[in-house]
Amino acid sequence: MDRERFEKLVEEALGRLPEYFRSKLTNIAILIEDRPRRGKPRGGILLGLFHGIPLTQKSTFQMALPDRIIIYQKNIERLCATDEEIRREIRATVLHELGHYFGLSEEELRDM
């Protein structure tokens, strides 16, 4: 899948968030990279990553660079056989990483 189409699917996933959650997305960048720059993480293939301070830990007096969510296109494509599977995996990955942004742990996200 070309990058432009992949980006549109990420935008679509963000656009389908309820307005309540979209309105809470401040000072965050959603980036797309082919693969992680470092090696494979323990436990499998990395599809996305949240870099930043969760909202539950931020101070209103704290100035900070934007938080980042990185979505790894080639890793998602590697797991999926069809465009529809890619769409579903993008949505799941975006929601998972946004969960970290909103302060949820890996364990809490697995239980959802």
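Throughout, read-outs are computed from the coordinates displayed, never taken from laboratory work. In this text the structure is predicted, and so the values were computed from the model without any measurement. Here the Cβ positions follow ideal geometry from the backbone for every residue, glycine too, while neighbour counts run over all protein chains shown.
Side notes on the structure shown:
- If only the Cβ of Lys and Arg carry +1 and only the Cβ of Asp and Glu carry -1, the dipole of the chain around its Cα centre is close to 340 debye.
- Cα-based helix-to-principal-axis angle, 3-15 vs the chain, degrees rounded to 10: 40
- Non-local Lys pairs in the range 3-110, i.e. 8 or more apart or on different chains, that have alpha carbons under 24 Å apart: 4
- Candidate values (1) 37, 30, 21; (2) 45, 32, 28; (3) 43, 29, 21 were compared with Cα extents along the principal axes in Å computed on the shown model; the agreeing label is (2).
- Annotation: extensible slack from Thr60 through Arg16 equals 13.1 nm (criterion: 0.36 nm per residue apart, minus Cα-Cα distance).
- Farthest toward positive dipole pole in the chain [+1 Lys/Arg, -1 Asp/Glu at C-beta], among Val94, Ile53, Leu25: Ile53
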